[in-house]
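The values are calculated or read from the model by the stated rules, or taken from the named source; none is laboratory data. Here the structure is a predicted model, which means the values were calculated and not measured. Glycine also receives a Cβ, built like all others from the backbone with ideal geometry; neighbour counts cover every protein chain displayed.
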Amino acid sequence: MWHASAAPLAGWPPDQRFLRSCAYEALAGVGDIHAGEWEDWTGRAYHVRRRLTDVEQAQVGDVCDIRGTHEAEARRALVLRFLPADMRNWKE
């Protein structure tokens, strides 16, 4: 599944329409809208999730849940430097 999230910079008001367009722009050219797509507005961030195309699915293989595994922690460690300081200790 493709997932794009858009949130405002610190101090900027959350503009739902603008953030929605940013999330959709991030997903341009990937996934299959007709296979399934979901939008979520949290009041702060806009999320768009989209199913993979058949070709994309064949490239990545079957879906699997990695939450709570060493693989999940390794992936999280790779992106920590990109997160704001107040989110670096956050976990689902």
- Task: Within segment 19-50, work out how many residues are among the aromatic types (Phe, Trp, Tyr) and under 21 Å from Pro84 (Cα atoms).
- Result: 2
- Top-ranked residue of segment 51-92 - restricted to ones that are among the polar types (S, T, N, Q), assigned to a loop (DSSP other than H, G, I, E, B) and modelled with pLDDT of 85 or more, ranked as farthest from the chain's Cα centre (by Cα): Thr69
- Note on the structure: Flagged in segment 6-40 as exposed (fewer than 11 other Cβ atoms within 10 Å of the Cβ) and in a loop (DSSP other than H, G, I, E, B), in numbering order, are Leu9, Ala10, Gly11, Trp12, Pro13, Ala28, Gly29
- Every pair of residues 6+ apart whose Cβ atoms lie under 8 Å, when the first sits in segment 44-69 and is surrounded by fewer than 17 Cβ atoms within 10 Å (Cβ to Cβ) while the second is assigned to a helix (DSSP H, G or I) and not aliphatic (A, V, I, L, M): Ile66/Arg75
- Task: Examine segment 33-47 for a residue that is under 16 Å from the mean Cα position of the chain (by Cα) and among the basic types (Lys, Arg), and state whether such a residue exists.
- Result: yes
